[in-house]
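A short write-up of the structure that comes next.
Since every read-out is calculated from the coordinates, none of them should be taken as a lab result. The shown structure was predicted, so the numbers you read here are calculated from the model rather than taken from an experiment. Glycine gets a Cβ as well: all are built from the backbone with ideal geometry, and neighbour counts include every protein chain shown.
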Amino acid sequence: MAEHALLTMRGICKYFPGVRALENVDFTLRAGEIHALMGENGAGKSTLIKVLTGVHAKDGGRIELEGRQIAPSSPLEAQKNNISTVYQEVNLCPNLTVAENIFIGREPKKAGRIDWKAINKRASELLRRLNLANIDVTKTLDSYSVAVQQMIAIARAVDIQAKVLILDEPTSSLDENETQRLFEVMRDLKKQGLGIIFVSHFLDQIYEVCDRVTVLRNGELVGEYEIDELPRVELISKMIGKELGDIQNMGKNASAVSDEVLIEAEGLTAFGRIKDFDLTIHKGEVVGFAGLLGSGRTETAELLFGVAKPEKGSIKMHGKEIKLSSPLDAMKHKIAFCPEDRKVQGIIGDLSVRENIIIGLQAKNGMWSHLSMKEQQRIADEYIKMLQIKVSSPEQLIKNLSGGNQQKAIIARWLVTQPDLLILDEPTRGIDIGTKTEIQKMVINLAREKQMSIIFISSEIDEMTRTCTRLAVLRDRKKVAELTGDEINSDRVMAAIAGGV
Amino acid sequence: MKNVKGLKDRLVASRYFSFGITAFLFIVLYVIGMMNYRGFLKPQVFCNLFIDNAALIIATVGITFVLLIGGIDISIGSVVALTCMTSAQLLANTNLGAGVVTVIVLAIGLLFGLVQGWLITEFDMQPFIVTLAGQFFARGLTAIISRETIDITDPTYTAVASARVYIMPKAFISVGVIIAIVTLVVATLVLKYTRFGRNIYALGGSESSAQLMGLPTKSTKIATYMVCGFCSALAGVVYSLIMLSGYPLHAVGMEMDAIASSVIGGTLMSGGVAFVPGTLLGVLIQGIIQTFITFEGTLSAWWTRIIIALLLCVFIVMQAIIVRNRHRITSSDK
């Protein structure tokens, strides 16, 4: 039964201005299988799904459903072609009843008016079939938890006579029990002959519930594999694009780490972020957070910057326990955080490079402490020189700089506050190799010469092995390994990320 | 759901909680009225609440549709004035009969709603600004037609205006009240039993969700503003039956009274929640306070405004608490 191709996508191409999102991607879904779609950020997973659901129009290739060519141009049309999607965010209406959320748009009618009795009856039957018997379908959707809402979204999708069900990271807001319940439902649907496309960052879940996996990287197809025949390490190397043992270590960071402990985290736990996280950071140390996207890298770093409060656990700094309830608190404790998406969270495009650098100091000192223009220029010049930011003048608007130089300016912004701990989240994403190396060098220098402690987060393993003196490896929102010294090499890191080997 | 939750929580979480509060308040006010003023015992006083506010009831129904989708329409009062003026002008200076004139002004209301709805939907504009423009436009147009009062003297019109429909031996209502009640009933049924009605609720709950669920969001939105435009014109017709004239300053700010009534009746300004019978109570509560002040005789009529202001505050705070409570109840469901 699993050999019958339900949906085939051949040679799919999709271009956005200046970006090649999908190039000649093939994808095959069989009836009665759960098919994982894997890839790191920017691999093209969501673009592929959006092409399939009619959100984006494809620029090339063909899609066939049961041998019939289709070209959905809207979610509604995809639905009519029996392709249903459940998104990460619940896309239902909180003010309507559970039953109505399942049936709206295709309500059964009697004598020209909506037949509420039939709606409620059919909705309860449907939910009972999905083992969700104890839900009162006449209550509004917002009386239930996100997990239940997610199930209701699936119930709606299934009831639209779906043949293809797309689940786009449905588990990211669910806890363990809720996830298991979802999996039961998925297995049931699979038995009924549905083809399910499952997108998730959680490796354990992929291996638990999926039959096949298609891996994408940089908008291209890497391959399709039977999940049982693909060891985890290989799956990861396919996603990241590095073969095992392929990478030699280049000039390692051998900075002298002092014995002085700067920060100590113990048992940090925050729901949906990280569980029981322990970490000690010494002065002058570069600690890397390695792991796949969604493994909890950024989420953990954010805990250390007060973006979210941990539910359990403690953070000690210089031996004293501190409470970080907001980024401002963290800044007062001399912690700095350079976020991942510099366009959104970092730069203020219409201000000059000087202003962008000074703003960090201004935020720390308060709105009222005035810095003379001369002083501002002096500071800006100093850091522009130090980080070799390529500008025509400090008054150049930051939006006109290249990505790498913007990144350096953001780092400068934090450096002027002279932090003890600097957190860099993906500081080298999307910038050219030359600047990448410069930033890596800069990180090493800051640690070595200024005795600054740095948390370095990156998806590129060789970059991590080069710059970090210690690596915390995260998987599925847990720390699974800590590597130091000679243990830091790509093979070990990849094995640790994969786990279970 | 085996929640060991207090009765209070369940009550607050109920969809009809606001309606219950409003109904309770109305009854309490009426009982207080009956205890203090003999007049309140007369059935006609109760009927007068409807007669005096028939136009406002219809306008409130219209604005409730728009508030349900999370929009707003502040052109209502002006459209009422335009309707009165157009009717008066056509009846005075043409040979058209009252029936034809009414059809024409209702069509103008529909068209007005269509244009506003189309602008808001097609260009994704703020409904406040679009309907503010509509407000200025309609009011301006009214004054252009005539800056002086035009009286309506058409015999059919005056006959309908003065008709008394007895519902009890000593209590009568006007034709306007019948129109208002029919509007109310039709609106309630449309919202509950038609796809159009349910799509309005869905749109108010979450527009992006509604779109992803494959609902026709654009046409629903435009149609909603058309409903409001039509209701404004209908309110104008009823208003002209009371005033028997067209005048540029008729019904100034009526949209605000309508919004206040709707909110007191349990409508959430953020959209997605409203119960039309509740909005009727919202109008009647305003009416009852006015009646109080009339009976008292010495109080300034402006006290109505102050009391309504306080009531509005109480109700929006209450709604905020309801929303927060729901959130709490939901999140503790895990």
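The charge dipole of the range A:347-418, taken about its Cα centre with unit charges on the Cβ atoms of Lys, Arg (+1), Asp and Glu (-1) only, comes to about 140 debye.
Of all DSSP bridge pairs formed entirely within chain A, close to 55 percent run antiparallel. Only Cα pairs under 8 Å and 6+ residues apart enter the sum, and on that basis the relative contact order of chain A stands at 15 percent. Classify the range A:140-181: rounded, prolate or oblate, from the alpha-carbon gyration tensor (a ≥ b ≥ c, eigenvalue square roots; a/c under 1.5 rounded; otherwise prolate if a/b is larger than b/c)? Verdict is oblate for the range A:140-181.
The Rg/Rh ratio of the range B:153-262, with Rg taken over Cα atoms and Rh as the Kirkwood radius over Cα pairs, comes to 1.09. Which percentage, to the nearest 5, of the DSSP beta bridges contained in the range A:5-240 is antiparallel? Percentage antiparallel, nearest 5: 60. The distance separating the Cα centre of the range B:54-110 from that of the range A:364-421 comes to 61 Å.
Mind pulling up the Rg/Rh value for the range A:73-161? Radius of gyration and Kirkwood radius, both on Cα. A ratio of 0.95. Cross-link partners of A:Lys320 among lysines, defined as those whose alpha carbon lies under 23 angstrom from its own and excluding same-chain residues fewer than eight positions apart: A:Lys275, A:Lys283, A:Lys309, A:Lys312, A:Lys332, A:Lys334, A:Lys364, A:Lys450. By the gyration tensor of its Cα atoms, with a ≥ b ≥ c the square roots of the eigenvalues, what is the shape of the range B:20-114: rounded for a/c under 1.5, prolate for a/b over b/c, or oblate? Oblate, since a/c reaches 1.5 and b/c is not below a/b.
Here's the picture: charge each Lys and Arg Cβ at +1 and each Asp and Glu Cβ at -1 in the protein assembly as shown, and of B:Ala274, A:Leu37, B:Ile120 the one pushed furthest to the positive end of that dipole is B:Ala274. Taking only the C-alpha atoms of the range B:209-257, Rg followed by Dmax gives 16.1, 49 Å. Within the shell of other residues whose beta carbon sits under 10 angstrom from the beta carbon of A:Leu397, the net charge comes to -2, with Lys and Arg scored +1 and Asp and Glu -1. Comparing Cα centroids, the range A:476-501 and the range B:20-51 end up 76 angstrom apart. Taking 16 Å as the straight-line reach from the Cα of A:Lys110, the aspartates and glutamates in range (excluding those fewer than 8 positions away in the same chain) are A:Glu100. Distance distribution note for the range A:5-240: the fraction of Cα pairs above 31 angstrom is 23%.
Need the C-alpha centroid separation for the range A:271-338 versus the range B:155-186, integer Å. The range A:271-338 and the range B:155-186 have Cα centres separated by 71 Å. The protein assembly as shown gives an Rg/Rh value of 1.06, both radii derived from C-alpha positions and Rh following Kirkwood. Restricting attention to the protein assembly as shown, close to 60% of DSSP beta bridges with both partner residues there are antiparallel.
Note on A:Trp116, B:Trp303: ascending count of other Cβ atoms within 10 Å places them as B:Trp303, A:Trp116, the fewest first. Net charge dipole, the range A:5-240: roughly 1100 debye, given to the nearest 20, about the Cα centre with Cβ charges of +1 for Lys and Arg and -1 for Asp and Glu.
Within chain B, the selection of entire DSSP H helices by a Cα span of 24 Å or greater along the long axis and an average Kyte-Doolittle value of at least 0.5 returns B:17-36, B:43-68, B:76-93, B:98-122, B:127-145, B:175-193, B:217-243, B:276-296, B:303-331.
Each of A:His4, A:His370 has some number of other Cβ atoms within 10 Å of its Cβ, and from fewest to most they run A:His370, A:His4.
What is chain A by shape, rounded, prolate or oblate, if you read a ≥ b ≥ c off the alpha carbon gyration tensor as root eigenvalues and call it rounded for a/c under 1.5, prolate for a/b larger than b/c, and oblate otherwise? Prolate, because a/c is 1.5 or more and a/b exceeds b/c.
The value of relative contact order for chain B, using C-alpha pairs under 8 Å at least six residues apart, is 33 percent.
Listed by chain and number, the aspartates and glutamates whose C-alpha is less than 13 Å from the C-alpha of A:Lys479, apart from same-chain residues fewer than 8 away, are A:Glu266, A:Asp276, A:Asp278, A:Glu299.
Among the listed pairs A:Lys163/A:Lys191; A:Lys316/A:Lys436; A:Lys80/A:Lys163; A:Lys109/A:Lys190; A:Lys385/A:Lys436, a Cα-Cα separation exceeding 21 Å is found for A:Lys316/A:Lys436; A:Lys109/A:Lys190.
From least to most packed, judged by other beta carbons within 10 angstrom and beginning with the fewest, B:Lys42, B:Lys221 follow the order B:Lys42, B:Lys221. Placing +1 on the Cβ of every Lys and Arg and -1 on the Cβ of every Asp and Glu, with nothing else charged, gives the protein assembly as shown a dipole about its Cα centre of roughly 2060 debye. The Cα trace of the range B:47-168 gives Rg and Dmax of 16.2, 52 Å, the first to one decimal, the second as a whole number.
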